[in-house]
Amino acid sequence: MMWNHRIVSTVDEMGSEYLELVEVFYDSDGHPYAYGRATIGGEDVEGLYTQVEQFKKSLDSPILKYPEHFTGDVNK
């Protein structure tokens, strides 16, 4: 299974759009399947820099809308 960081748009309990930077997991066909909270963690500071750079790249990708763009049952 592949994953990357992406921005996902959801609707909160008040009906307002809410954007989250999350880890998105893809099925074998490359479609977004599920997502989970993104955290920054690593074994050293260089690993943290790498994750921050991945977060920055995700800002240039199209926003995924939940549930329209997801094929699976997302469990946050």
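The values are calculated or read from the model by the stated rules, or taken from the named source; none is laboratory data. Nothing here was measured: the structure is a model prediction, and the numbers come from that model. Here the Cβ positions follow ideal geometry from the backbone for every residue, glycine too, while neighbour counts run over all protein chains shown. These accessible areas exclude ligands, DNA and RNA; they are computed on the full protein's heavy atoms, side chains included. Shrake-Rupley method; radii C 1.70, N 1.55, O 1.52, S 1.80 Å.
Total residues in the range 32-50 satisfying the condition of being in contact with a Phe, Trp or Tyr (Cβ under 6 Å, 6 or more places away or on another chain) and open to solvent by 50 Å² or more (accessible area, probe 1.4 Å): the figure is 1. The single condition among (1) within 15 Å of residue 3 (Cβ to Cβ); (2) assigned to a loop (DSSP other than H, G, I, E, B); (3) of a type outside the set (Lys, Arg) that residue 67 does not satisfy is (1).
I need the full set of residues from the range 32-58 which are part of a loop (DSSP other than H, G, I, E, B) and at pLDDT 95 or above, in order please.
Here is the first cut: in the range 32-58, the ones part of a loop (DSSP other than H, G, I, E, B) are 38-44.
Of everything in the range 32-58, just one residue is part of a loop (DSSP other than H, G, I, E, B) and at pLDDT 95 or above, namely 44.
For the range 15-35, name all the residues that are over 17 Å from residue 51 (Cα atoms) and not hydrophobic (A, V, I, L, M, F, W, C). If you could, list the steps in order and put the result at the bottom.
Looking only at the range 15-35, we keep the residues that are over 17 Å from residue 51 (Cα atoms), and these are 15-19, 26-34.
Those that are over 17 Å from residue 51 (Cα atoms) and not hydrophobic (A, V, I, L, M, F, W, C): 15, 16, 17, 18, 26, 27, 28, 29, 30, 31, 32, 33.
Inside the range 23-59, residues that are on the phi > 0 side of the Ramachandran plot and touching a strand residue (DSSP E or B) at 6+ places or on another chain (Cβ under 7 Å) make up a count of 0. Of all residues in the range 2-14, those that are more than 14 Å from the chain's Cα centre (by Cα) and either basic (Lys, Arg) or closer than 21 Å to residue 54 by Cβ (or both) total 0. In the set (1) under 12 Å from residue 70 (Cβ atoms); (2) crowded, with 17+ Cβ neighbours inside 10 Å, residue 5 fails one condition alone, (1). Taking the range 17-31 as the range and being out of contact with any Gly (no Cβ under 9 Å at 6 or more places or on another chain), surrounded by 13 or more Cβ atoms within 10 Å (Cβ to Cβ) and part of a loop (DSSP other than H, G, I, E, B) as the test, no residue passes. Among residues of the range 17-45 that are under 11 Å from residue 4 (Cβ atoms), those with a beta-carbon under 6 Å from a residue that is in a strand (DSSP E or B) and among the charged types (D, E, K, R) at least six positions away or on a different chain give the pairs 24/6; 38/23.
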